[in-house]
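In what follows, a structure is listed as structure tokens, so that the remarks can point back to it.
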Amino acid sequence: MDVYDKRILNSVQERADLTHAELAERVHLSPSQCARRLQRLREEGYIERTVAILNRERLGLDVLAHVLISLQAHEGARNDAFRCFVDEAPEVLECYMQSGDADLLMKVAVPGLDALAGFIDRLIAVSGGLATLRSYIVLRPIKTGNRYSIG
């Protein structure tokens, strides 16, 4: 990866909808070179996918919560049911297995507190019970993003 590839990656992290001509202006290459490099970066897995970032509140998802979970048991069937639930639950934006006091950290977006309570009820039911569950309502974002620092 050279300096031009890094410039391309930095540019598309900021605005993935740039035309090849706009990208070329930003990184100081021709549009055809940018197109080839961009395709190669996709093929090599540097760019996983291109998405639109939607406004959660405009969509009526007024409550953003972080949910910390410790599982009661770490058995194959229960873990599989839990993972399947997480994969299919539209409320779950992100879920991470982690070290520390809790086994899992989830980022959840719902319309309101009743919807969060319903989500938690479903989560408890599918897991067969949890050792602990703590939810934290986000009051205000300080910094959000998904932009990585690239040399």
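The values are calculated or read from the model by the stated rules, or taken from the named source; none is laboratory data. This one's a predicted model, so the numbers in the text were calculated from it and none came from an experiment. Cβ placement follows ideal geometry from the backbone for every residue including glycine, while neighbour counts extend to all protein chains displayed. For the accessible areas, the whole protein counts, side chains as well, though only heavy atoms, and no ligand, DNA or RNA atoms are used. Shrake-Rupley method; radii C 1.70, N 1.55, O 1.52, S 1.80 Å.
Descriptive notes on the structure:
- Flag if SER32 is open to solvent by less than 100 Å² (accessible area, probe 1.4 Å), outside any strand (DSSP E or B) and either among the small types (Gly, Ala, Ser) or in contact with a His (Cβ under 6 Å, 6 or more places away or on another chain) (or both): yes
- Which listed residue is over 30 Å from ILE8 (Cβ atoms), modelled with pLDDT of 95 or more, acidic (Asp, Glu) and surrounded by 15 or more Cβ atoms within 10 Å (Cβ to Cβ), from GLU91, GLU57: GLU91
- Residue list for the range 130-145, filter: part of a loop (DSSP other than H, G, I, E, B) and either over 21 Å from GLY100 (Cβ atoms) or open to solvent by 60 Å² or more (accessible area, probe 1.4 Å) (or both): LEU139, ARG140, PRO141, ILE142, LYS143, THR144, GLY145
- Of all the listed residues (ALA125, ALA115, ALA102), the sole one being surrounded by 14 or more Cβ atoms within 10 Å (Cβ to Cβ) and in a helix (DSSP H, G or I) is ALA115.
- When the range 3-19 is filtered for residues that are part of a helix (DSSP H, G or I) and surrounded by 16 or more Cβ atoms within 10 Å (Cβ to Cβ), the ones remaining, listed by number, are ASP5, ARG7, ILE8, LEU9, ASN10, SER11, VAL12.
- Of all the residues in the range 20-29, those that are open to solvent by 100 Å² or more (accessible area, probe 1.4 Å) and assigned to a helix (DSSP H, G or I) number 1.
- Of the numbered criteria (1) more than 19 Å from the chain's Cα centre (by Cα); (2) open to solvent by less than 80 Å² (accessible area, probe 1.4 Å); (3) more than 17 Å from PHE82 (Cβ to Cβ), the one VAL110 fails is (1).
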